[in-house]
Amino acid sequence: SLASTAITCFTRGLDLRKGTEDVLCPANCPLWQFYVFGDGVYASLSSICGAAIHRGVITNAGGAVRVQTLPGQENYPAVNANGIQSQMLSRWASSFSVTPATKDTALEAVGRSVSTARPSTGKRPKKTLDKKAGNKDCKADIAFLIDGSYNIGQRRFNLQKNFVGKVAVMLGIGTEGPHVGVVQASEHPKIEFYLKNFTAAKEVLFAIKELGFRGGNSNTGKALKHTAQKFFTLENGARKGIPKIIVVFLDGWPSDDLEEAGIVAREFGVNVFIVSVAKPTTEELGMVQDIGFVDKAVCRTNGFFSYQMPTWFGTTKYVKPLVQKLCSHEQMFCSKTCYNSINIAFLIDGSSSVGESNFRLMLDFVSNVAKAFEISDIGSKVAAVQFTYDQRPEFGFTDYITKEKVLSAIRNIRYMSGGTATGDAISYTTRNVFGPVKDGPNKNFLIVLTDGQSYDDVRGPAAAAQKAGITVFSVGVAWAPLDDLKDMASEPRESHTFFTREFTGLEQMVPDIIRSICKDFLDSKQ
């Protein structure tokens, strides 16, 4: 049955996997931040909720939308509708349309009774057969950070274990489903078991039952920082490309500060949830070091990552809503993805053989690649250098930290005209553009755009760039020799070398380049 999936303001058509999907758009998305391309038929690069408001399917109050995947188009027009200005795109690999989700669908999302289920009931029984695989729709590596302090005491500690056990079972743990581990916070944190130790719910339940109460101060901040840094390593069973989640259980309030731990968790790409039980009473607030402790630790202060239960008694009804949150992978804003964790520098050939109008087409290509990424001070970053015999830095990674400003800076690049020294330009970019960010958390990419033979050696400088941890893509147009392009590109060269006879062909390469960047990002990720 088509149950509605809750999505974010920024979920794009290309983030959905199914041909037809019912989604739930949140309320109050910032209209000016929407990227929408087309009218009626939207390029899959577009925000789904933005397209739905543009189309008049929903208002800014949010709501249910049916998304239908369609083939790519030659031309997406720019149209202003319902407060959103859509943009033009001359070609894209896939599209989607938006229509109101039917009433029964919304009901089904609430109570999915088998009798009203859609024909896909064939899938349901298979889930129970394939017990080992677990719930494949829930992609998550989860650390339950349980409270083992004197605050909670032995009796409530046991109730907490029961609750965590119920959550673990309902998640559908399995080889291809969620994996979980447990860390106990008290005076000093103790990792009780890792993600790799158990892949069956039965084993996890047994391990949780066996946990002993440690007692001590509730140094939750210390435990959270330790878990973010040490728990999610490949050798401990973390999986590539799967959201990392820490669910912090807190009875009362922490004895230490959570702010630094929250920052560390976000830096490590971990999504922190806080389940607070028995919040401090008005009388107790005086004893709390920092009243805003929840907001300091959670991934985002949008309400999604904090969860409250009045007591440890009668908690069964709280299990399912928590599980649903933990399985909403599109809401895990703190995960590192190829869209929010890379630096891309564009090295743009400004030689006289290009010419003014083709130079504009090169800039369009640069914009189209850049606009696919989530550019921000804590997200992806973009830089550009133009070269002839000389190099001219157009802007560096830290000059513009919003997509708007980056795209306008690209539009404002002036054509230089001159010779072609590509090797020198690569060395310059490695040193001056990537140098300052080489110890940063983002993965580095260089896209070299050229239309001809270089006067100098490109192989040495490109090898040095790759040695410095930069993945190099070469994009050649017109007279660019294939040998040069291959010599510059990272391994495997086939997937990092692109060529088109005509400048107008650059547009078609954009989806492939974005896909290749994301593949490299995943392959490299620990």
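The values are calculated or read from the model by the stated rules, or taken from the named source; none is laboratory data. Owing to the predicted nature of the structure, the values given are computational and were not obtained by experimental measurement. When we count neighbours, we look across all protein chains shown, and the Cβ atoms used for this are built from the backbone with ideal geometry, even at glycine. Quick note on the areas: whole protein, heavy atoms, side chains included, nothing else; ligands and nucleic acids left out. Shrake-Rupley method; radii C 1.70, N 1.55, O 1.52, S 1.80 Å.
Things to note:
- Two-site FRET efficiency, N80 against E491, from Cβ-Cβ distance with R₀ of 51 Å, rounded to 0.05: 0.65
- Rounded if a/c under 1.5, otherwise prolate or oblate - region 5-100, Cα gyration tensor axes: oblate
- Taking only protein heavy atoms and a 1.4 Å probe, the accessible area of region 342-523 is 50% carbon and sulfur.
- Highest mean first, the peptides 93-101, 380-388, 361-369 sorted by other C-beta atoms within 10 Å per residue fall in the order 380-388, 361-369, 93-101.
- Residue-normalised accessible area of the chain, given per residue in Å² at a 1.4 Å probe: 44
- Folded to 0 to 90 degrees: helix 356-370 orientation relative to the chain principal axis, Cα: 10
- Charge sum, other residues only, whose C-beta stays under 12 Å from K486's C-beta, Lys/Arg counted +1 and Asp/Glu -1: -3
- Within region 141-331, antiparallel bridges make up roughly 10 percent of the DSSP beta bridges whose residues both belong there.
- Neighbour net charge for Y389 - beta-carbon separation under 12 angstrom, K R +1, D E -1: -3
- Beta bridges by DSSP in the chain, antiparallel share as percent, to the nearest 5: 35
- Distance between the modelled labels on K196 and Q308, one decimal in nanometres: 4.1 nm (7 Å Cα→Cβ projection).
- From the coordinates shown, Cα Rg over 2.2 N^0.38 Å corresponds to which of (1) 1.03; (2) 1.08; (3) 0.92: (2)
- Solvent-accessible area, 1.4 Å probe, carbon plus sulfur percent, for region 5-100: 55
- Unsatisfied cross-links (Cα-Cα over 27 Å) in the set K405/K467; K136/K240; K222/K438; K131/K317; K18/K166; K244/K519: K405/K467; K222/K438; K18/K166
- From phi via Karplus (6.51, -1.76, 1.60), per-residue ³J(HN,Hα) for region 199-211 in Hz, x at Gly/Pro: 10, 10, 4, 4, 5, 4, 4, 4, 4, 5, 4, 7, 4
- Judged by the mean number of other Cβ atoms found within 10 Å, the most tightly packed of the peptides 39-49, 239-249 leads the ranking 39-49, 239-249.
- The long axis of helix 506-524 is offset from the longest Cα principal axis of the chain by roughly 40 degrees.
- Computed lengthening from E260 to V169, 0.36 nm per intervening residue step minus Cα-Cα distance: 29.6 nm
- Residue-wise HN-Hα coupling along region 132-143, computed from phi with Karplus coefficients 6.51, -1.76, 1.60 (Hz; x: Gly, Pro): 4, 5, x, 7, 5, 6, 9, 9, 6, 10, 10, 9
- Surface share of carbon and sulfur [accessible, 1.4 angstrom probe, percent] for region 141-331: 53
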